[in-house]
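Asks: I'd like to ask some things about the structure below.
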Amino acid sequence: MAEPDPGARAWAALRAEDRAWLTSLAALAGSQARVALVGGAVRDALLGGAPLDLDVVVEGADVEALAHATGLPFTFHPAFQNATVTLPDGRGADLVRARRESYPVPGQNPAPQPGTLDDDLRRRDFGLNALALVVRPDGGAELRDVVGGLDDLARRELRPLHSRSLHEDASRAVRGARLAARLDLAPHPDLLAQMPDALTMAQDTPRLWAELKLLLAEARPGRAARRLEAWGTGAWLGDPALLEALEARQDAGEAVTPQTWAAAALAAAPDPAALAARLGLGDRPLGLLARARSDTFFPEGTPERQLRALLRPQAYVPLTGKDVLALGTPPGRGVGEALAHLAGLRRAGQVGSPDEERAALAAYLRSLP
């Protein structure tokens with residue numbers, strides 16, 4: 001039996017309700033227009049997944065009028081002539097006017113101009129993200145590949161679409177690392193050749209920091225950070241080994257909070273506060289990092305203990321108020337004074353185990369009047 005063509009295979013991988021909605025959208029756009037599902041949804045469908053996010057390029061029809069004709073709630077974005085439609089199940093679907101783009105100032109937002117579907121595909125980041133399913137008004141769809149994305153997908157390779165891709169938008173390097181980690185993709189030689197450009201342009205590319213924040217929300221941030229390191233841009237985001245160690249704890253069944261991932265990423269930064277500000281992480285990860293680095297006792301299973309075990313693998317659990325009472329410390333104010341004395345010894349490196357703390361406490365108690 002013959003293999004179905006890639007377009008039919010990708011179309012069949014979509015949810016039935018999404019195929020129905022896309023077909024109705026093509027019918028509403030009219031016979032002189034083209035409606036195409038593009039980007040990650042097509043890529044993932046060809047890889048055998050069932051995509052949920054729908055990005056649709058519209059050529060030859062007014063996007064705002066088309067969004068209105070669906071009868072669904074939508075938000076229109078005049079600057080790019082795009083609309084976000086809220087589907088019946090609550091998901092958002094983006095309707096994008098087919099366009100060309102140029103970068104008058106590399107690193108900053110591109111300048112859009114009206115274009116064709118093919119123009120829109122050629123403006124994208126990587127070949128395997130530049131595939132389209134052109135939807136027929138009577139149902140079904142045909143695959144359109146104008147940049148060789150199918151070959152990239154078959155090789156599971158990330159290839160930028162032109163020689164200045166990462167110079168114009170350095171955030172594509174981070175997006176590539178996220179995809180490479182998630183889908184087990186290899187970098188094309190052209191991608192590696194452009195990494196010095198990405199490093200040079202990083203400070204002038206605000207979107208790069210937003211992409212790094214998204215990297216921390218990936219299922220396996222350490223794997224993505226390791227890709228960046230292997231590509232020569234590891235300085236952007238902490239220590240991949242620390243993130244990978246946190247992944248190992250997650251794989252073993254521990255719950256890892258978003259704040260813990262963020263604090264782990266900040267831990268190796270020369271200036272954690274500056275990196276937190278660039279990533280827009282707020283103060284909570286910084287607070288968690290400070291507590292994990294302190295000598296304050298935290299119970300097993302807390303994010304502080306979890307992170308401390310990674311930052312200080314040889315760390316031990318210090319004596320608690322209950323412990324010092326059991327060892328003969330007078331109750332009341334004396335407990336706090338004994339704990340403060342032990343904390344000072346830990347900071348000075350004079351004790352390094354519970355047994356050493358017990359011995360130091362005994363000496364301290366003997367010295368009391």
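The values are calculated or read from the model by the stated rules, or taken from the named source; none is laboratory data. Keep in mind it's a predicted model, so treat the numbers as computed, not measured. FYI the Cβ positions are ideal-geometry reconstructions off the backbone, even for glycines, and counts take in every protein chain you see.
Asks: Specify the residue that is nearest to residue 105 (Cα to Cα); the eligible residues are those in the range 119-139 that are assigned to a loop (DSSP other than H, G, I, E, B) and in contact with a helix residue (DSSP H, G or I) (Cβ under 7 Å, 6 or more places away or on another chain). Reasoning before the result, please.
Replies: First pass over the range 119-139, keeping only residues assigned to a loop (DSSP other than H, G, I, E, B): 123-125, 130, 136-139.
With in contact with a helix residue (DSSP H, G or I) (Cβ under 7 Å, 6 or more places away or on another chain) added as a condition, the list becomes 125, 130, 136-137, 139.
On the way: 125: 17, 130: 23, 136: 38, 137: 40, 139: 42 Å.
Among residues in the range 119-139 that are assigned to a loop (DSSP other than H, G, I, E, B) and in contact with a helix residue (DSSP H, G or I) (Cβ under 7 Å, 6 or more places away or on another chain), the one nearest to residue 105 (Cα to Cα) is 125.
Asks: Restricting to the range 280-329, name every residue that is small (Gly, Ala, Ser), farther than 30 Å from residue 212 by Cβ and surrounded by 14 or more Cβ atoms within 10 Å (Cβ to Cβ). So that I can check it myself, show each step before the final result.
Replies: So the first thing to find is which residues in the range 280-329 are small (Gly, Ala, Ser), and the list is 280, 282, 287, 290, 292, 294, 301, 309, 315, 321, 326, 328.
In the following step, the residues that additionally are farther than 30 Å from residue 212 by Cβ were identified as 321, 326, 328.
Matches in the range 280-329: 321 only.
Asks: Another question, if that's okay. Looking at (1) touching a strand residue (DSSP E or B) at 6+ places or on another chain (Cβ under 9 Å); (2) in a loop (DSSP other than H, G, I, E, B); (3) touching a residue at least 12 places away in the same chain (Cβ under 8 Å), which is the only condition residue 142 fails?
Replies: Of the numbered conditions (1) touching a strand residue (DSSP E or B) at 6+ places or on another chain (Cβ under 9 Å); (2) in a loop (DSSP other than H, G, I, E, B); (3) touching a residue at least 12 places away in the same chain (Cβ under 8 Å), the odd one out for residue 142 is (2).
Asks: Examine the range 266-286 for a residue that is among the hydrophobic types (A, V, I, L, M, F, W, C) and at pLDDT below 90, and state whether such a residue exists.
Replies: Within the range 266-286, the first condition is being among the hydrophobic types (A, V, I, L, M, F, W, C), and the residues that meet it are 266-269, 273-277, 279, 281, 286.
After this cut, where a residue has to be at pLDDT below 90 as well, the list is 268-269.
Scanning the range 266-286, I find at least one residue that is among the hydrophobic types (A, V, I, L, M, F, W, C) and at pLDDT below 90, so the answer is yes.
Asks: Among the residues of the range 15-43, write down those that are more than 29 Å from the chain's Cα centre (by Cα) and not hydrophobic (A, V, I, L, M, F, W, C).
Replies: Across the range 15-43, the qualifying residues are 23, 24, 30, 31, 32, 34.
Asks: Taking only the range 178-224 into account, find how many residues are among the charged types (D, E, K, R), under 21 Å from residue 43 (Cα atoms) and in a helix (DSSP H, G or I).
Replies: Pass one, the range 178-224, residues among the charged types (D, E, K, R): 178, 182, 184, 190, 197, 204, 207, 211, 213, 218, 220, 223.
So of that shortlist, the ones also under 21 Å from residue 43 (Cα atoms) come out as 178, 182, 184, 190, 211, 218, 220, 223.
Then drop every residue that is not in a helix (DSSP H, G or I), which leaves 178, 182, 190, 211, 223.
Residues in the range 178-224 being among the charged types (D, E, K, R), under 21 Å from residue 43 (Cα atoms) and in a helix (DSSP H, G or I): 5 in total.
Asks: How many residues, within the range 69-111, are under 24 Å from the mean Cα position of the chain (by Cα) and of a type in the set (Lys, Arg)?
Replies: 1
Asks: Under 9 Å by Cβ, and 6 or more places apart or on different chains, what pairs join a residue from the range 112-125 that is polar (S, T, N, Q) with one that is in a loop (DSSP other than H, G, I, E, B) and surrounded by 18 or more Cβ atoms within 10 Å (Cβ to Cβ)?
Replies: 116/98
Asks: What is the one condition in (1) within 30 Å of residue 225 (Cβ to Cβ); (2) touching a strand residue (DSSP E or B) at 6+ places or on another chain (Cβ under 7 Å); (3) part of a loop (DSSP other than H, G, I, E, B) that residue 162 does not satisfy?
Replies: (2) is the only condition that residue 162 fails.
Asks: Which members of the range 283-333 meet the condition of being in a helix (DSSP H, G or I), over 25 Å from residue 253 (Cα atoms), in contact with a Leu (Cβ under 8 Å, 6 or more places away or on another chain) and not hydrophobic (A, V, I, L, M, F, W, C)?
Replies: 321, the sole residue that qualifies.
Asks: Please count how many residues of the range 171-187 are over 19 Å from residue 121 (Cα atoms), crowded, with 18+ Cβ neighbours inside 10 Å and not β-branched (Val, Ile, Thr).
Replies: At the first step, the residues of the range 171-187 found to be over 19 Å from residue 121 (Cα atoms) are 174, 177-178, 180-187.
Subsequent filtering for residues that are crowded, with 18+ Cβ neighbours inside 10 Å retains 174, 177-178, 180-181, 185, 187.
Still in the list and also not β-branched (Val, Ile, Thr): 177-178, 180-181, 185, 187.
Counting residues in the range 171-187 that are over 19 Å from residue 121 (Cα atoms), crowded, with 18+ Cβ neighbours inside 10 Å and not β-branched (Val, Ile, Thr) gives 6.
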